[in-house]
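Rule-based calculations on the coordinates, nothing more; no lab input. In this text, all values refer to a predicted model and were calculated from it rather than measured experimentally. Note: ideal-geometry Cβ built from the backbone for every residue, glycine included; neighbour counts use all protein chains shown.
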Amino acid sequence: MDAKTGLLKASDRVQVMIYMRALPKTNPAFARITFDGKVVYKSRHNIITADEITPEFGKRVGELMKEVCGVEEPHKAPSFGECKYCPVTSADCVDRVETAKVYEGETDDF
Ligand code: SF4
């Protein structure tokens, strides 16, 4: 279970899913145990069932860990949402994102 102070975010759910995946693999006391997870917000909660931790999810987490822990530099994914809080200026960071992306287009959907 993880308690959050902000609004519901998909990354909160994935964070708990990673815990659900990692604990049985890193602590022998939980090796044969599967967990349900829960993300709790101020006025709601989000349940994650054990069967959502699929082999595909485990594979993707493993690939991410190999990239993060590998000898090669991980791919960069800067975003305005993070850069706007970062004290590093564009003089020192060529990847800094200074403005929010604006998507434009036309659709008949709405
Ligand atoms: S400004 Fe550069 S260092 Fe700071 S969050 Fe953005 S990409 Fe990362």
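Structural remarks
- In summary, no helices (runs of 4 or more DSSP H) completely within region 3-88 bear 3 or more residues that are touching a residue at least 24 places away in the same chain (Cβ under 8 Å), farther than 30 Å from T99 by Cα and of a type in the set (D, E, K, R).
- Matching residues, region 5-31, being farther than 22 Å from M65 by Cα and loosely packed, with under 10 Cβ neighbours inside 10 Å: T5, G6, L7, A29
- Residue that is closer than 25 Å to D2 by Cα, more than 20 Å from the chain's Cα centre (by Cα) and hydrophobic (A, V, I, L, M, F, W, C), where the choices are I53, I33, I18: I33
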